[in-house]
Amino acid sequence: MSESVVPGVSGLSLVVPPYRVPLAQWCEWTGNPAKKVEAVVGRSFRVCGPRQNAYTMAADAVLDLIDRYDVDPADVGMLALGTESSTDNAAGAVIVRGMVDQALGARGQAPLSRCCEVPEFKHACLGGVYGLKAAARYLATDGRGRRAIVVTSDIAEYERGSTGEQTQGAGAVAMLLDTRPDLFELDLSRAGSSSAYRGVDFRKPFARHFIADYARDTQRPHDFPVFNGPYSTRCYIDATMQALGHMLGRTGEGYDELLQRVAAVICHRPYQQMPQQALAAAQIWSWARDEARGELDDLCESAGLDPDRVRAQVTATPDLWSVVQREGLDADPLAEALGAARAFRKSARFAAWVERHMSLGDEIVQDLGNLYAASLPGWLGAAFEDAHARELDWAGQRLLALGYGSGDAAEAMELRVVGHWQPAAAKLGFRQALAGAVDLERHQYEALHDGADPQLPEVAPARFEVARVGERNEPRFRDIGVEYYACHQA
């Protein structure tokens, strides 16, 4: 009988563009309250340069991961890309591979193994988690004895003046997976999933590029999403709770028991307060399903809510998209339940929970901005780096990871920290990756965002960049729109 294998992650690497927009500065430009924006969102976000994209950042992160963890390229049997910022609808991770091979060759090193799978995973911000699970399954089956790299890379951009503008960001996180990992194991038998079609939650339909009202004030092609904020928040809470419920049903424990057992909770984090909404909602959902009525009743009484309505909304598991189609976008079948969650967030008990479960890595990720698929891996790496810096005893500890992708799906996973995690955590370098940022002036940010000549401050050249875009469209040779990449530093 073959030995049981529980794959996991042995290392992570973070890459962000050098150009930064501090939110306090952005608030001065736009007239928004800095204190409130920073409390809700974070401190800053990064912006890509004119010749950077999701592929160049991904290649940079993969090459850094190879160097940081001394990976033999011949051992890599899967290179997976999780992104919603692709610029090619046919190829994905193989583009990243091409740049990495080019850089390795410039050093006189062998390329990645020719026997290497190169899939791309797309489902909004959840593509990286799906890639992570696929890589773990690969290593547990036909990929035993090999290694896998999952790189998450995205550019979150929103139209200037929109409600999402302060939640922008750009960056990539690469993860190294092994059958005997050096950071944490990923036991998929203790994972939970959920998905449901949610219509107008958060979309990037191709047709929008041909509609006059789309990005009318910009001069370059943009990937601005179509989204509906309050509705998207309801979708996020519902999907996350369903995935967590599926996970707890498989493990046979309650939410309170889980929260007492795990050392940290790591979530998809497009902005600072969204994970807190999930943690508060999870407690309300748990109380609503518990036959013991005391704590939920007391909370609802103090908040002026009907506990029976809260219980009914939680247990009904409404089809949010059907409700919107029938009653309109403002219809909220979770109004009382989410009201209870907001009330719980104001409690001292909840503040203590956040400090205990969500404080690790917080100082780092407040300067990451929204990284879409790289958001959860970014916080995960930051938490491990912070735990190592604080010299925490994490050997054998369990972590709860909650991933989410608008449109609409979620994943709940339990991670087990291995006993020898410290040496791998010491190599992470997330704080180092954020160093040396160049803050943009207002005119530079707006020009770069809108596609005008940005006249950017000088920075060290990026390791990879888009050198040119093909223009030939002839019968014997066509490369129109194909991006060609250059490697400047190996």
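Below are the figures for this structure:
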read-out	value
Unit charges on C-beta of K, R, D, E only; dipole of the chain, Debye	580
Where the Cα pairs of the range 290-434 fall when distances are cut into 10 Å bins, in %	9, 27, 30, 23, 11, 1
At 1.567 mPa s and 4 °C, Stokes diffusion of the chain via Kirkwood alpha-carbon radius, µm² per second	56
Per-peptide average of other Cβ atoms within 10 Å, ordering 427-433, 56-62 highest first	56-62, 427-433
Theoretical gain in end-to-end length, R190 to A460 [0.36 nm per residue, Cα-Cα removed]	92.8 nm
Extension reserve of the H488-E441 stretch, reckoned as 0.36 nm per residue once the Cα distance is removed	14.2 nm
Length-normalised contact order of the chain in % [C-alpha pairs under 8 Å, at least 6 apart]	23
Potential lengthening between S322 and D298 on full extension [0.36 nm per residue; Cα-Cα distance subtracted]	5.4 nm
Where only alpha carbons of the range 288-365 are counted, the Rg and the Dmax (Å)	15.5, 43
Net charge contributed by nearby residues that have their C-beta within less than 11 Å of L334 (K/R +1, D/E -1)	-1
In nm, spacing of pseudo-spin labels at Y214 and R250 (7 Å Cα→C-beta vector)	3.6
Charge sum, other residues only, whose C-beta stays under 13 Å from P275's C-beta, Lys/Arg counted +1 and Asp/Glu -1	+1
Environment charge of A156, counting only residues whose C-beta is closer than 11 Å and scoring Lys/Arg +1, Asp/Glu -1	-4
Rounded to 5, the percent of DSSP beta bridges in the chain classed as antiparallel	75
The chain, helix-only ellipticity at 222 nm - DSSP H runs n ≥ 4, -39,500 (n - 2.57), divided by all residues, nearest 500	-11500 deg cm²/dmol
Dipole-positive endmost among A425, A58, A34 within the chain (Cβ charges, Cα centre)	A58
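Values quoted throughout were computed directly from the atomic coordinates according to the rules given, and no laboratory measurement underlies them. Note that the structure is a prediction, hence the values are computed from the model and not measured. Positions of Cβ are backbone-derived with ideal geometry, glycine not excepted, and every protein chain shown enters the neighbour counts.
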